[in-house]
Amino acid sequence: MGKLPDHGFGLLLLLPALVLVSLMVLYPLARNVHLSFYEKDLHSGLESRFAGWYNYQRLGHDSRFFTSFFNTVFFTGVSVSIELLLGLGFALVLNASFPARGAIRAMALIPWALPTAVMAMAWTWIYNDVYGVLNDVLLRLGIIDEGVAWLGTPSAARWAVIFADVWKTTPFVSIILLAGLQSIPADLCEAIRIDGAKAVQGFRLVTLPLLLPSMVVALLFRTVHAFGIFDLIYVLTGGGPGGATETVSVYVYYNLFRYLDFGYAAALVVATFLVLLLVAILTYLPMLKREVELG
Amino acid sequence: MQDLGSGMLRKGCFILATAGLLLFSVGPFGWEVLTSIKPSSEIAQSPVVYVPSRVTFEHYVALFARRDFGGYLVNSAVVSSLATLLCMIAGMLAAYALAKLNIPGSPLFLVIVLAVALVPPIILLIPLYEMMRWADWINHRGALVLPYAALNLPFATLVLRAFFRQIPQDLLEAARIDGFTRVGILFKIIVPLSAPALATTAILVFVFCWNEFIFALTFITTDAYKTIPVGIAGLSGVTSPYEIPWGLISAAAVTGTLPLIVLVLIFQRRIVQGLTAGALKG
């Protein structure tokens, strides 16, 4: 081993990672595309039969797919926007110096660390229409006149799902933004204040532009992950009521394990996620690479 | 005088914002804790009972009397530990290669790593399910350990690479002149120097593995091998199909998340550092 040149030795060290990723990620990606051109369902006795573009043609007529796609876009757009705004607010609070800051930062992290599926059970209890604490608090505050069936009506359920996601992932966004805030030199803020800028102006002219790279990173990762949301919705609503909160991931899962339609599920995945992934990678790669080089 | 007033106002706003943040972050979990120590008769009550008449541990007793729950904890611990170990070994070697050795095409490897970090698990579910069926690994811990290690590998590699790059190249050159082999440099110099970074990364990977849901739901179908998230999500119909045992579920949620809360409270600073270095996991 001592005789190997540095790059040969380096490649040897990369081998375990490459094998693991090829087997568990790269091969499955390719197999997914392959499978999407086959019929593998109950008709075919779960044998693979070449079907050409058949699965993709089906997709064009599948209104449930379009509904779930729209739901996914709505969920992603709204929750990621709220998370960025709220995360920015949290980051500003957590960046200030005050007593017990470490403890408060730790508590702010808690939602991020808890298993989504377990907390989804907690949210079904909080959202319960008769005994739920949310309705009770809102009634006492006089915000609503009668209990809302948060998970029982389509529009309420959409917002209930979004709020639970905002709760879970805002800490992640605020940590990324907090790191961005900490990298802004303090004398820069000082200088602009001496120049006579007000706090709001300083924020707009100095903080926000310098925070932009962190915001882009947070936005990218949140968007891609929100687009793939499964566990929260599967446990909280199962996609209901009446498909109002069914995202593409949930629909894919049902195609697999309720309808045993592997080929079609694969086509759904390719049409939705591989396209999204390609767009994201091509758009953001230069920026991400720079981030990594700097980090 | 005006200055003093606006200062107080600002301070007030700040305290209000901090209080809001705390309520938001801890509230839902706090409600689980409160539900889990209420007597059953005060749980399904309208109007809601905020101060229970007495504190009870009956739900926790009932929870651990169920044979399967202790099993979920053990399964989660075993699967997450093994996956973390595997991920850290592969990640450490790869990060060393990418940070400190001149590899042709290392930008390409970085691109692959970044792309894999973005993959949502649903993309891999169908082919992995086929694979696990083919390997007869349905209801086998390996069916979770390997995918978990692979999915967290990009994150671990990027974080460790960021930390390894901070180690001065001169130090490694000097070690080489002193007769250290490249393997010796990794294990006798880099690993001890970056022990905190390794711990941070391992904690984060462990948390991600502990929380994973869709693979655990799909590849494990018998109770004996279920992990905490899937086990708890399945508790809603255990006592009777008509009544959801909220006390039991709350006790389970508190127990199943307690290890994570302890980790967060102890390692808050490290977790923030690690997440920032990787800046990658949602």
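So the values come out like this:
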read-out: Residue selected from the range B:242-264 under the condition among the hydrophobic types (A, V, I, L, M, F, W, C) and under 13 Å from A:TRP112 (Cβ atoms), by the criterion nearest to the chain's Cα centre (by Cα); value: B:LEU260
read-out: Subset tally (residues that are open to solvent by 80 Å² or more (accessible area, probe 1.4 Å), closer than 16 Å to B:ALA94 by Cβ and not in a loop (DSSP other than H, G, I, E, B)) for the range B:161-192; value: 1
read-out: Number of positions in the range B:62-104 that are aliphatic (A, V, I, L, M), open to solvent by 60 Å² or more (accessible area, probe 1.4 Å) and facing chain A (nearest Cβ under 8 Å); value: 2
read-out: Options B:PRO39, B:PRO47: the member that is more than 11 Å from chain A (Cβ to nearest Cβ) and over 30 Å from the mean Cα position of the chain (by Cα); value: B:PRO39
read-out: Qualifying residues in the range A:136-163 (those that are open to solvent by 40 Å² or more (accessible area, probe 1.4 Å) and of a type in the set (D, E, K, R)) - the one nearest to the chain's Cα centre (by Cα); value: A:ARG158
read-out: Identity of the residue in the range B:4-22, within 29 Å of the chain's Cα centre (by Cα) and more than 7 Å from chain A (Cβ to nearest Cβ), that ends up surrounded by the most Cβ atoms within 10 Å (Cβ to Cβ); value: B:GLY20
read-out: All positions within the range A:89-127 that are in a loop (DSSP other than H, G, I, E, B) and more than 8 Å from every other protein chain (Cβ to nearest Cβ); value: A:SER97, A:PRO99, A:ALA100, A:TYR127
read-out: Per-region count, the range B:105-120, residues facing another protein chain (nearest Cβ under 7 Å) and under 21 Å from B:PHE213 (Cα atoms); value: 4
read-out: Subset of the range A:164-196 [among the polar types (S, T, N, Q) and open to solvent by less than 10 Å² (accessible area, probe 1.4 Å)]; value: A:THR169, A:THR170, A:SER174
read-out: Condition met for B:ALA197 (surrounded by 17 or more Cβ atoms within 10 Å (Cβ to Cβ), over 14 Å from the mean Cα position of the chain (by Cα), in contact (Cβ under 8 Å) with a residue 60 or more places away in the chain and not in a loop (DSSP other than H, G, I, E, B)); value: yes
read-out: Flag for A:GLN201 being at the interface with another protein chain (Cβ under 9 Å from one of its Cβ atoms), over 16 Å from the mean Cα position of the chain (by Cα), more than 29 Å from B:ILE232 (Cβ to Cβ) and open to solvent by 10 Å² or more (accessible area, probe 1.4 Å); value: no
read-out: Any hit, the range B:23-36, residues being in a loop (DSSP other than H, G, I, E, B) and either open to solvent by less than 10 Å² (accessible area, probe 1.4 Å) or among the charged types (D, E, K, R) (or both); value: no
read-out: Of all residues making up the range B:245-266, the number that are over 10 Å from B:GLU32 (Cβ atoms) and assigned to a helix (DSSP H, G or I); value: 13
read-out: Exclusive hit being out of contact with any strand residue (DSSP E or B) (no Cβ under 7 Å at 6 or more places or on another chain) and assigned to a loop (DSSP other than H, G, I, E, B), set A:SER44, A:SER79; value: A:SER44
read-out: Test: residue in the range B:151-173 that is closer than 19 Å to B:ASN75 by Cβ and of a type in the set (A, V, I, L, M, F, W, C); value: yes
read-out: Subset of the range A:1-10 that is assigned to a helix (DSSP H, G or I) and surrounded by fewer than 18 Cβ atoms within 10 Å (Cβ to Cβ) - its residue that is farthest from the other protein chains (Cβ to nearest Cβ); value: A:GLY8
read-out: Single condition B:LEU235 does not satisfy, out of (1) open to solvent by less than 20 Å² (accessible area, probe 1.4 Å); (2) touching a Phe, Trp or Tyr at 6+ places or on another chain (Cβ under 6 Å); value: (2)
read-out: Pick from the range B:105-114, criterion of a type in the set (A, V, I, L, M, F, W, C) and open to solvent by 20 Å² or more (accessible area, probe 1.4 Å), ranking: nearest to the chain's Cα centre (by Cα); value: B:VAL113
read-out: All positions within the range A:225-240 that are at pLDDT 85 or above and not in a helix (DSSP H, G or I); value: A:GLY228, A:ILE229, A:PHE230, A:THR237, A:GLY238, A:GLY239
read-out: Identity of the residue in the range A:173-224, among the aliphatic types (A, V, I, L, M) and not in a helix (DSSP H, G or I), that ends up modelled with the lowest pLDDT; value: A:ALA197
read-out: Residues that are crowded, with 24+ Cβ neighbours inside 10 Å and among the hydroxyl-bearing types (Ser, Thr, Tyr), drawn from the range A:115-135; value: A:THR116, A:TYR127
read-out: Selected residue (only one of B:ILE228, B:ILE266 is in contact with a helix residue (DSSP H, G or I) (Cβ under 6 Å, 6 or more places away or on another chain) and within 9 Å of chain A (Cβ to nearest Cβ)); value: B:ILE228
read-out: Residue match in the range B:216-226 (condition: in contact with a His (Cβ under 7 Å, 6 or more places away or on another chain), open to solvent by less than 50 Å² (accessible area, probe 1.4 Å), in the same structural domain as B:ALA90 (by TED's automatic domain parsing) and in contact (Cβ under 8 Å) with a residue 40 or more places away in the chain); value: no
read-out: Top-ranked residue in the range B:137-160 [being of a type in the set (Val, Ile, Thr) and assigned to a helix (DSSP H, G or I); ranked as nearest to the other protein chains (Cβ to nearest Cβ)]; value: B:THR157
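The values are calculated or read from the model by the stated rules, or taken from the named source; none is laboratory data. Everything quoted here is computed from the prediction, not taken from an experiment. No Cβ is skipped: glycine too gets one built from the backbone with ideal geometry, and neighbour counts run over all protein chains shown. Surface accessibility is based on the protein's heavy atoms, side chains included, excluding ligands, DNA and RNA. Shrake-Rupley method; radii C 1.70, N 1.55, O 1.52, S 1.80 Å.
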